[in-house]
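First comes the structure, then the notes that go with it.
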Amino acid sequence: MFKTLLETINDTVDLRRFRESELEQIAQELRAFIIDIVAAKEGHLGASLGVVELTIALHYVFNTPDDQLVWDVGHQAYGHKILTGRRDVFHTNRDLGGISGFPKRSESEYDTFGTGHSSTSISAALGMAMASALKKEDRKHIAVVGDASIASGMAFEALNHAGVSGADLLVILNDNAIGIDPSVGALKYYLTTTKSGKETGNDNIFESLNFDYSGPIDGHDLPLLLSELKRQKNLKVPRLLHIRTVKGKGLKQAEIDQVRYHAPGKFDKITGEIPASDSSKLPPKFQDVFGHTIVELAQENEKIVGITPAMPTGSSMKIMMEAIPDRAFDVGIAEQHAVTLAAGMATQGLVPFCNVYSTFLQRAYDQIIHDVALQKLPVIFCLDRAGLVGQDGATHHGVFDLAYLNCVPDLIVAAPMDAVEMRNMMFTASQGLELPIAIRYPRGRGKIVNWKQPFKQIEIGSSRLLKSGKNIAIISIGPIGTMIQELLEHENLNCTHLDIRFLKPIDQKALDRIFKNHDHVISIEDGTIIGGLGSVVCDLAFAKAYQGIIHKLGIPDSFIEHGPTADLHRMVSIDRETVLNLIEKLKA
């Protein structure tokens, strides 16, 4: 039976057996293979299509995995995985029990460093290069970083160090003028106007950092890439190769609409078209509730501003950027800057809504404490993608926020159960608070279709008693409470349900009544079981000498892998069946 060239490649040794003239065909086959699988299985498409030639050239020229290659973020690493022994399991990409959508050290020796968050590759590769020098090993170290990621502070910290390190480090700047959304900022302008790297009228920025700079060159010209990488392989100083690529290369629609085809969902592998769907009758995504609500609030309050670090589409801040462009800001991949920028605005009487994915706010923890909470600046943090996010896996789950925010003094921590509650929390925060507030909400859609209801002020620290029952009380926080309420109603269970709403300040009076009238208390959250709602409930119960039993449900003390969200909920025992079984056991 006829085999494609790609089907004969099980590792990079196989790849290097081919003649250079055959690599163009391998590139065509690799691109088609990625399109074929992602069209049916979903995943990150555009970034991987854009680096097909670069991926082949790197593994062909360098002696990977002995030579160490680090992919920044990892959205673009599908081709890398396929060429390094994972072609036959690539169809399991992002599935429960399948391969990860990002480079992962435990998965392959070719994945030299786990990624998922941006701007880490130069630091990691530099660390490897310095270790090799100390161990007197003759290895090459390559970091592939995008133009959006290299603008982040961490990347510049690494460049600053690498430039005086003397390390054998090759940084490849994959310049396609886009991350998930189009790149922003002065560095983007600099890279766009650079023709040869030395024709800007100023000193080259990378040469000023003591890097040997080459480029820019066409990142889709395989012969040129091979020639230049061979030259780079013989150098031993810190160096940067600037290549220009097209995100989505090889699929017309992905080249035209690069934002949508970053992760397009299912699409027709022949035409590239995404099937039309009518979502007008569905409940909105929480991110869109944010986007439309902030516009509604900002139209009535000229002091409201919006800030997002490089996620205008994913967070739906784009809705405000289009409606009120002079008061909505994409600051690039710069979470630390975003938080302190918001703090600075708050000192001047503005009402900043800083929208950051929960997992990315981890990168600005010091700024939350030092620049916001310590000064009691009323920044409004809207934390998208809180809880288990599904197939992006451990690097993207927003499960730590309740715990890491709960211990910060003078910070309000809230989690609305539904879209109406979310609107009201945003409205309440916009009316003026004495302290900063974090409002966390998940990826995906809620349950309420008629969500655009008149705003209502919410008392900070108040809870909602949704159902009164006997003996067993369930305390929930966030949208997981909707599942609890539906379960109690569907099964006609005589249990109390308290939507706590605020982790901090927590409604102690409501909890006192729960402790007084129930023998069993179940706390449930889609955050870490250590430090979150369950921990607070246990501390208060201990302080009140509660004689009943507390059952904590939440994310265990381990990193949760990738897979469909419903499957992950079952894995960590915060699903409907687990709760029902526990209630029935306690009633027996």
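The values are calculated or read from the model by the stated rules, or taken from the named source; none is laboratory data. No experiment lies behind these values; they were computed from the predicted model shown. Because the Cβ atoms are built from the backbone with ideal geometry, glycine has one as well, and the counts that use them run over all protein chains shown. Ligands, DNA and RNA are stripped out before the accessible areas are found, and what is left, the full protein with its side chains, is counted by its heavy atoms. Shrake-Rupley method; radii C 1.70, N 1.55, O 1.52, S 1.80 Å.
Side notes on the structure shown:
- Strands (runs of 3 or more DSSP E) wholly inside region 169-251 that include at least 2 residues being more than 30 Å from Ala328 (Cα to Cα) and open to solvent by 10 Å² or more (accessible area, probe 1.4 Å): 212-218
- Taking residues in region 389-402 that are over 14 Å from Val572 (Cα atoms), and partners anywhere that are of a type in the set (Ser, Thr, Tyr) and not in a loop (DSSP other than H, G, I, E, B), the pairs with Cβ atoms closer than 6 Å and at least 6 places apart or on different chains are His396/Thr359; Gly398/Ser358; Gly398/Thr359; Phe400/Thr528; Asp401/Ser358.
- The set of residues from region 430-478 being over 22 Å from His497 (Cβ atoms), among the hydrophobic types (A, V, I, L, M, F, W, C) and open to solvent by less than 10 Å² (accessible area, probe 1.4 Å) comprises Ile437, Ala438.
- Yes/no for Phe427 being in a loop (DSSP other than H, G, I, E, B) and at negative phi: no
- Residue in region 277-298 that is farthest from Asn424 (Cα to Cα), counting only those that are assigned to a loop (DSSP other than H, G, I, E, B) and in contact with a Lys or Arg (Cβ under 7 Å, 6 or more places away or on another chain): Leu282
- Qualifying positions in region 80-93 - part of a loop (DSSP other than H, G, I, E, B) and either under 15 Å from Ser48 (Cα atoms) or open to solvent by less than 10 Å² (accessible area, probe 1.4 Å) (or both): Arg87, Asn93
- Candidate set from region 472-499 (those that are within 14 Å of Leu586 (Cβ to Cβ) and in a strand (DSSP E or B)); member that is farthest from the chain's Cα centre (by Cα): Ile472
- Failed item, numbered, when Thr55 is tested on (1) of a type outside the set (Phe, Trp, Tyr); (2) within 22 Å of Phe18 (Cβ to Cβ); (3) not in a helix (DSSP H, G or I): (3)
- Among the residues here, Asp499 does not qualify as open to solvent by 30 Å² or more (accessible area, probe 1.4 Å) and either closer than 26 Å to Leu435 by Cβ or modelled with pLDDT of 95 or more (or both).
- The set of residues from region 242-276 being closer than 23 Å to Thr55 by Cβ and small (Gly, Ala, Ser) comprises Gly248, Gly250, Ala254, Ala263, Gly272.
- Residue check, Pro103 assigned to a loop (DSSP other than H, G, I, E, B), open to solvent by 20 Å² or more (accessible area, probe 1.4 Å) and modelled with pLDDT of 95 or more: no
- For region 554-578, the set of residues classified as over 15 Å from Phe400 (Cα atoms), of a type in the set (Ser, Thr, Tyr) and either surrounded by fewer than 16 Cβ atoms within 10 Å (Cβ to Cβ) or touching a helix residue (DSSP H, G or I) at 6+ places or on another chain (Cβ under 7 Å) (or both) consists of Thr578 only.
- Residue list for region 252-283, restricted to those being surrounded by 20 or more Cβ atoms within 10 Å (Cβ to Cβ) and closer than 19 Å to Arg445 by Cα: Pro264
- So Pro409, is it in a loop (DSSP other than H, G, I, E, B), over 30 Å from Pro283 (Cα atoms) and not hydroxyl-bearing (Ser, Thr, Tyr): yes
- When residues of region 109-131 are limited to those that are touching a helix residue (DSSP H, G or I) at 6+ places or on another chain (Cβ under 6 Å) and not aromatic (Phe, Trp, Tyr), the one nearest to Glu561 (Cα to Cα): Ser118
A quick yes/no check of all residues on (1) touching a residue at least 12 places away in the same chain (Cβ under 8 Å); (2) among the aliphatic types (A, V, I, L, M); (3) farther than 26 Å from Ser119 by Cα; (4) in contact with a strand residue (DSSP E or B) (Cβ under 8 Å, 6 or more places away or on another chain):
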{"site": "His292", "(1), (2), (3), (4)": "yes, no, yes, no"}
{"site": "Gln299", "(1), (2), (3), (4)": "yes, no, yes, no"}
{"site": "Val331", "(1), (2), (3), (4)": "yes, yes, no, yes"}
{"site": "Gln348", "(1), (2), (3), (4)": "no, no, yes, no"}
{"site": "Asn355", "(1), (2), (3), (4)": "yes, no, no, yes"}
{"site": "His370", "(1), (2), (3), (4)": "no, no, no, no"}
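- Residue that is among the charged types (D, E, K, R) and modelled with pLDDT under 95, where the choices are Asp111, Asp138, Asp147: Asp147
- Figure legend. Inter-residue proximity from region 120-136: first residues free of Cβ contacts under 8 Å to residues at least 24 places away in the same chain and assigned to a helix (DSSP H, G or I), second residues charged (D, E, K, R) and open to solvent by less than 40 Å² (accessible area, probe 1.4 Å), beta-carbon distance below 8 Å, spacing 6+ or different chains. No pairs are indicated.
- Qualifying residue in region 334-351 (condition: crowded, with 23+ Cβ neighbours inside 10 Å and charged (D, E, K, R)): yes
- Filter result for Met417 (open to solvent by less than 30 Å² (accessible area, probe 1.4 Å), touching a strand residue (DSSP E or B) at 6+ places or on another chain (Cβ under 7 Å) and assigned to a loop (DSSP other than H, G, I, E, B)): yes
- Failed item in (1) in contact with a strand residue (DSSP E or B) (Cβ under 6 Å, 6 or more places away or on another chain); (2) modelled with pLDDT under 95, with Val537 passing the rest: (2)
- Being surrounded by fewer than 22 Cβ atoms within 10 Å (Cβ to Cβ), of a type in the set (Val, Ile, Thr) and in contact with an Asp or Glu (Cβ under 8 Å, 6 or more places away or on another chain) is a description that applies to Thr482.
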